[in-house]
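Participant: Shown below is the structure under consideration.
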Amino acid sequence: MTEHEAPSVHGMVIGILGGTGDQGRGLAFRFALAGHPVIIGSRSAERAADAASQLGHGVRGLANREAAREAHLVIAAVPYEGHRDLLAALAPELAGKIVVDCVNPLGFDHHGAYPLPVPEGSAAQQAAALLPDSRVVAAFHHVSAVLLCDPGVETIDLDVLVLGENRHATDTVQALADQIPGMRGVYAGRLRNCGQIEALTANLVSINRRYKAHAGLRITDI
């Protein structure tokens with residue numbers, strides 16, 4: 001592979017923990033449309049199987065542990081409150097794999113969304129601390145679940161900011177983002193810079209509420 005050649009992701013089996021939620025189902029749908037074998041994970045294998053059957057396109061549903069074990073690459077799309085416990089419990093199954101964390105630690109009150117403090121600095125850094133034998137990459141934080149889940153939307157116009165410590169892992173996730181029409185994966189730094197990426201989601205929530213939109217981000221001049 002040359003310096004700027006993207007890794008091949010052809011045939012990569014993608015497991016999505018929390019795949020029965022809106023974000024997880026949307027990502028599962030888009031990657032299945034792109035031709036990837038996709039496994040939805042959930043605490044309940046029955047619930048995962050039901051969600052998978054609704055998506056079609058060969059998507060399978062398994063309990064989280066089995067999904068983590070069978071996938072080549074795993075996306076964590078779980079609520080922040082269950083993030084730590086789930087990843088800690090699945091560390092053996094996730095060892096040696098790329099784990100993509102797209103969790104946004106947010107709170108909501110009558111003023112709207114706001115970022116929650118994370119002791120490690122960000123959800124992605126928390127994941128890296130819990131999974132020392134995995135290659136943790138942060139990505140897909142700012143993708144509208146509404147757009148992902150809507151089969152009438154053919155292209156999703158945004159850049160996916162990708163952060164991580166391992167060049168091959170971040171290149172792989174950028175290549176995956178490029179599989180979804182309209183998306184582009186953009187390297188955005190190391191995990192220590194992920195706190196503001198996750199927190200920026202609160203601003204996008206405010207934008208979307210004010211303008212009745214599904215706003216994303218575009219990076220200029222690259």
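Every number in this text was worked out from the coordinates using simple rules, so none of it is lab data. Because the structure is a prediction, the values reported are computed rather than measured. Here the Cβ is made from the backbone with ideal geometry for all residues, glycine too, and neighbour counts use every protein chain on show.
Participant: Where in region 153-177 is the amide nitrogen less than 11 Å from a point lying 7 Å along the Cα-to-Cβ axis of R218?
Facilitator: Of the residues in region 153-177, 157-159 have backbone N under 11 Å from the label point off R218.
Participant: Considering amide H positions built from the backbone, and no H for Pro or chain starts, which residues 5 or more places from D101, or on another chain, come under 5 Å of its amide H?
Facilitator: Close amide H contacts, sequence-distant or interchain: A76, V137, A138, A139.
Participant: Further question on the same structure: Order these peptides, 61-70, 163-172, by their mean beta-carbon neighbour count within 10 angstrom, highest first.
Facilitator: Values: 61-70: 21.1, 163-172: 19.1.
With the highest mean Cβ count within 10 Å placed first, the list reads 61-70, 163-172.
Participant: A further question follows. Using mean Cβ contacts within 10 Å as the protection proxy, how do 128-136, 214-222 order, highest first? Can you show the working numbers first?
Facilitator: On the way: 128-136: 19.2, 214-222: 11.4.
In descending order of packing, they fall as 128-136, 214-222.
Participant: Tally the DSSP beta bridges in the chain and give the antiparallel ones as a percent, rounded to 5. Show your work: numbers first, answer last.
Facilitator: On the way: 6 of 31 bridges.
In the chain, DSSP labels about 20 percent of beta bridges as antiparallel.
Participant: Whole-Hz Karplus ³J(HN,Hα) for region 74-91, in order, using 6.51 cos²θ - 1.76 cosθ + 1.60 and θ = phi - 60°, x for Gly and Pro?
Facilitator: So the Karplus estimates, Gly and Pro as x, are 10, 10, 8, 10, 9, x, 4, 5, x, 4, 4, 5, 5, 5, 4, 6, 9, 3 Hz.
Participant: Tell me, how many Å apart are the Cα centres for region 147-212 and for region 1-70?
Facilitator: Taking the Cα centre of each part, region 147-212 and region 1-70 sit 17 Å apart.
Participant: Here's another thing I want to ask about it. Place a +1 charge on the Cβ of each Lys and Arg in region 142-206 and a -1 charge on the Cβ of each Asp and Glu, then give the dipole magnitude about the Cα centre in debye, rounded to the nearest 20.
Facilitator: On the way: 4 positive and 8 negative charges, 63 e Å.
Here region 142-206 has a charge dipole of around 300 debye.
Participant: Kirkwood Rh, Cα Rg: Rg to Rh for region 1-69?
Facilitator: Details: Rg = 12.8 Å, Rh = 12.0 Å.
Here Rg/Rh amounts to 1.07.
Participant: Ratio of Rg to Rh for region 49-202, alpha carbon only, Kirkwood?
Facilitator: Values: Rg = 15.4 Å, Rh = 16.2 Å.
Dividing the radius of gyration by the Kirkwood radius yields 0.95.
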